Amino acid sequence: EGDTRVVTLDPVTIEFDGLIVQVQSIFRLTEGSGEVEIIRRILDSSDPEVELSIDEYITACYGTTEYPEDLTGVRLCLTGVDKTESIEYAYQCRESELEDVHYVEATIPQMDTHLSMHTDTSAVGYFREGFSFSPMYTLGIKKTFTGKGELRTWLKVAKAS
């Protein structure tokens, strides 16, 4: 579609204990934006009254070997309608969650990199800090709805400065 590449995956059927859900994923990559739009769509459910959640997340670290580099100083941040929460990474296994989130972000000063995920809908955002035996961080956005629905998020990697 113009300067946007669209990858639409065939729907998959997921079976839980007595519940069948059909899910479709669509990825939109716009040239030069550094951003990936991710659409997760519940197309059908065997129980239209069941509550379903879509959780889009990324778990990350950085390094050039199988061992990640020191994440001390990485800033994790949640920005909502009227509240912002942030921490500096310190291997303390901290977590935070925020309703009506706009952005979840990580700034990695060692690489002059800013990783962000945002949504255009009412959703819950969160971050998780790792610890010494799991030295990674997680950024995520999740939405719960009844029956059919979708979560649209945008993931972007950019220079921090």
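Which of the residues belonging to region 123-134 are surrounded by 18 or more Cβ atoms within 10 Å (Cβ to Cβ) and either modelled with pLDDT of 95 or more or more than 14 Å from Val74 (Cβ to Cβ) (or both)?
Result: Ala123, Val124, Gly125, Tyr126, Phe127, Arg128, Glu129.
Just name the residue that is modelled with the lowest pLDDT out of those in region 135-161 that are open to solvent by less than 40 Å² (accessible area, probe 1.4 Å) and over 16 Å from the mean Cα position of the chain (by Cα).
Top of the filtered list is Gly147.
Filter region 1-22 down to residues that are in contact (Cβ under 8 Å) with a residue 24 or more places away in the chain and hydrophobic (A, V, I, L, M, F, W, C) and give me whichever is surrounded by the most Cβ atoms within 10 Å (Cβ to Cβ).
Only one residue fits best here, namely Val21.
Here is a list: Asp3, Asp17. Which entry is over 27 Å from Met136 (Cβ atoms), at pLDDT below 95 and in contact with a Gly (Cβ under 8 Å, 6 or more places away or on another chain)?
Testing whether each residue is over 27 Å from Met136 (Cβ atoms), at pLDDT below 95 and in contact with a Gly (Cβ under 8 Å, 6 or more places away or on another chain) leaves just Asp3.
What about Thr59, is it without any contact (Cβ under 8 Å) to a residue 60 or more places away in the chain and hydroxyl-bearing (Ser, Thr, Tyr)?
Considered against the rule, which asks whether it is without any contact (Cβ under 8 Å) to a residue 60 or more places away in the chain and hydroxyl-bearing (Ser, Thr, Tyr), Thr59 comes out as no.
From (1) within 17 Å of Thr138 (Cβ to Cβ); (2) open to solvent by 70 Å² or more (accessible area, probe 1.4 Å); (3) within 20 Å of the chain's Cα centre (by Cα), pick out the condition that doesn't hold for Cys77.
So the condition that Cys77 fails would be (2).
Please work out which residue is most open to solvent (accessible area, probe 1.4 Å), limiting yourself to region 84-122 and to residues that are closer than 14 Å to Val74 by Cα and within 13 Å of the chain's Cα centre (by Cα).
For region 84-122, the residue satisfying everything is Glu105.
Which of the residues spanning region 46-73 are farther than 19 Å from Thr113 by Cα, outside any loop (DSSP other than H, G, I, E, B) and open to solvent by 50 Å² or more (accessible area, probe 1.4 Å)?
Glu51, Ser53, Asp55
Which pairs turn up if I take residues in region 79-92 that are in contact (Cβ under 8 Å) with a residue 24 or more places away in the chain and of a type outside the set (A, V, I, L, M, F, W, C) and look for partners that are assigned to a loop (DSSP other than H, G, I, E, B) and open to solvent by 100 Å² or more (accessible area, probe 1.4 Å) with beta carbon separation below 8 Å, at least 6 apart in sequence or on another chain?
Qualifying pairs under 8 Å: Gly80/Glu99.
The values are calculated or read from the model by the stated rules, or taken from the named source; none is laboratory data. None of the values given here were measured: they were computed from a predicted structure. Heads up, the Cβs are rebuilt from the backbone with ideal geometry, glycines too, and the neighbour counts pull from every protein chain shown. With ligands, DNA and RNA removed, areas are computed over all heavy atoms of the protein, side chains included. Shrake-Rupley method; radii C 1.70, N 1.55, O 1.52, S 1.80 Å.
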